[in-house]
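The values are calculated or read from the model by the stated rules, or taken from the named source; none is laboratory data. In this text the structure is predicted, and so the values were computed from the model without any measurement. Cβ: placed from backbone, ideal geometry, glycine included. Neighbour counts: every protein chain shown.
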Amino acid sequence: MNEETLFERALDLPPDERAAFLDRECPDPALRARVEALLAADVAAPSPLDATADKPDACGVSAATLSYRSTSELEGAVIAGRYKLRQKIGEGGMGSVWMADQTEPVKRKVAVKLIRVERGQSKAILARFEAERQAIALMDHPHIAKLLDAGETPPTHAGGLPMPFFVMELVKGIPLNDYCDQYRLTIPERLQLFIQICSAVQHAHQKGVIHRDLKPSNILVESHDGKPVPKVIDFGLAKATTGMQLTEQSLFTAFGSVLGTPLYMAPEQASFNAIDVDTRADVYALGVILYELLTGTTPITRDTLKKAALDEMLKLIREQEAPTPSSRLSSSDSKPSVAANRQIEPAKLGRFVKGELDWIVMKALSKERDRRYETASGFARDIERFLNHEPVSAGPPSTSYRVKKFIRRHRGPVIAASLVLVALVAGVVGTTLGLLEARRQTAIAKKALHQEQLALAERTAALEQEKNAREEAQRNLAYAR
């Protein structure tokens, strides 16, 4: 892995796990020193926030005069003269998200996303932020957080850097899985919610945008009039489809980096040159989300991936086949609590999922993307067919497909067994041919013997006939005398 990839992956980990990660994945001392320096800078480096308003805010502090040592010091700052930051609600490797008060031209609560800007900062990070900003600007869907404003704050001092930002509608929801379990949504209710999520993802795809990081924490759900309303957020890893452009640098993923969240990542994303990623990667992530909505866990468990080194983890994502949701439920120790959160008896839960829901989920989770649903809307239509008791397009894998997958998973043993089988067949064929030849020769010998016996019998009969003729002639001669 390169320096940037190590840095970004380490940022996603809790601070107390980063050293172990670097021990495992970064044997080069010089490279590790650079990554650790970046991590330290991420925590402590200056992050100047600039505002267009020079007048003090209500607390008597002018945001334009501050030089912030940490994101916590941004509280109370005013962005673009009209967005007052109130509370940090999220933070990542690129920057932070704040709840803010918009003061003009209308007063309302909004979310403001800011990016740290530093000298020598990776162009990829800046491009990714711009790509997210542009991706959200393209969206106009009730289940995708809307972009309200965007811009840059001016530098606060000579040689300073402007800070890009964008403003979104504030989604006062909670992550998808937390909402579903907190309100104990039944499986049909979860499926109806999932259909709305698919609609949002389909809208993004139609706008030429692949999300690439769909997961429950990026789908917030809030209640409107007693009904759950999902909102897809965080297009920070968004990628444009062919023929579409988000930024000058966002049409392809840089060689040597892995982008996405491993638990929800499609197999084609799990490599260091995952350039050929299309909308079916999002379909796979939707399949993982549905799997978790049904079973309470992901197809590859968090513990399994946590114990694996990076290369092993990526291999698991690419190759390990998931058990069906009903199989996972049948072997789960947490089945009673999972069932309780879905308002169904444990014994009935597996039966409800087994069959068509198994088929639908496993189609979306196919390692071969050509076997997945072509679109998020196609995925949603099969869910609707299931809810309406109509035949679904998904079905159990054919025998030939299962055999092919078995051979691919166990290529070495299958080749060895095939060689043994060929040798056995060759031996049997050789023995059989020898036996057939021996039988043929025996038959020929028997036929020859039979022919000789017939010839002997004919000669014997002829001799007997000749003898009888001589005796008859002798008797006739005797009478004549």
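Among Arg34, Arg18, Arg69, which is at pLDDT 75 or above and of a type in the set (Lys, Arg)? Within the list Arg34, Arg18, Arg69, the selection yields Arg18. Figure legend. Inter-residue proximity from region 178-194: first residues among the aromatic types (Phe, Trp, Tyr), second residues surrounded by 17 or more Cβ atoms within 10 Å (Cβ to Cβ) and at pLDDT 95 or above, beta-carbon distance below 7 Å, spacing 6+ or different chains. Indicated pairs: Tyr179/Val221; Tyr179/Pro228; Phe194/Leu290; Phe194/Leu293; Phe194/Ile383.
A search for C-beta distances below 7 Å between a residue of region 166-177 that is closer than 11 Å to Val229 by Cα and any residue that is among the small types (Gly, Ala, Ser) and assigned to a loop (DSSP other than H, G, I, E, B), counting only pairs 6+ apart in sequence or on different chains, returns Val171/Ala145. Would you say Thr304 is of a type outside the set (D, E, K, R) and closer than 30 Å to Ala20 by Cα? So Thr304 fits the description; yes. Scanning region 210-226 for residues that are under 24 Å from Tyr291 (Cβ atoms) and in a strand (DSSP E or B) gives Ile210, Ile219, Leu220, Val221, Glu222. Among the residues of region 321-345, just one is in contact with a Pro (Cβ under 6 Å, 6 or more places away or on another chain) and either outside the structural domain of Tyr183 (by TED's automatic domain parsing) or surrounded by fewer than 15 Cβ atoms within 10 Å (Cβ to Cβ) (or both), namely Pro336.
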